[in-house]
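Structure first, then comments.
The values are calculated or read from the model by the stated rules, or taken from the named source; none is laboratory data. Bear in mind the structure is a predicted one, so any value in this text is a computation, not a measurement. We place every Cβ from the backbone using ideal geometry, glycine too, and count neighbours over all the protein chains shown. For the accessible areas, the whole protein counts, side chains as well, though only heavy atoms, and no ligand, DNA or RNA atoms are used. Shrake-Rupley method; radii C 1.70, N 1.55, O 1.52, S 1.80 Å.
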Amino acid sequence: DHEDFEMNARIVVFADGPSSLASRKMKGVGFQRRPERTMHGLVYEYEWENNPLDAFDLFFDAGIAAWGYGWIFPKRDKLNVGICSLMSVTALEKGHRMRDRLDYFAKTHGASIALKDRNIANIQAAIIPVEPAKRIHGNRFLVVGDAAGMVEPFSAVGIEYAMRGATIA
């Protein structure tokens, strides 16, 4: 409702993503976005009722994503098709928009699994940190997950690290 309010807590755990309130309000805390240490991800979720796929595929190809990769993995009644690329490299590539690359990837690699006849249910974009934050705690606060850069830098996967960080918190 956009009303201001005050809250008191003995400790605060920031688990609010790579653009964390902690990194915006406290100097040097949490993941600090730098193009050479940040990836940009873009995903299509295709509708696919009773999706028969039970494995995921990763594609490493500079034609898909420079300094990144593409993936196809099943979800219940959906198929997740996406790419991610290092932001510093993407910014240098004139005329190679992420959306164009994702369209190319979905057409060339998705054709083998009949995506051309499927509806896109959702489009998502994300900022993905690929380096840990230098500082993730202070007096009565802790930063975890993407907010702390708890992401494996090769695959840009972070859910396991985020869950471990939350458990420790």
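When you check LYS75 against the structure, is it at pLDDT 85 or above and either surrounded by fewer than 20 Cβ atoms within 10 Å (Cβ to Cβ) or over 14 Å from the mean Cα position of the chain (by Cα) (or both), yes or no?
yes
How many of the residues making up the range 12-32 are open to solvent by 70 Å² or more (accessible area, probe 1.4 Å) and under 30 Å from PRO74 (Cα atoms)?
Matching residues across the range 12-32 total 2.
Give me a count of the residues in the range 145-160 that are open to solvent by 60 Å² or more (accessible area, probe 1.4 Å) and over 11 Å from the mean Cα position of the chain (by Cα).
Qualifying residue count, the range 145-160: 3.
What number of residues in the range 107-130 are surrounded by 14 or more Cβ atoms within 10 Å (Cβ to Cβ) and at pLDDT below 90?
Selection size over the range 107-130: 7.
Take the conditions on the phi < 0 side of the Ramachandran plot and outside any loop (DSSP other than H, G, I, E, B) and apply them to GLU49. Does it pass?
no
Can you name every residue in the range 33-42 that is open to solvent by 100 Å² or more (accessible area, probe 1.4 Å) and of a type in the set (A, V, I, L, M, F, W, C)?
Across the range 33-42, there are no qualifying residues.
Just need a number here: residues in the range 43-68 that are at pLDDT 85 or above and surrounded by 20 or more Cβ atoms within 10 Å (Cβ to Cβ).
Of the residues in that region, 4 qualify.
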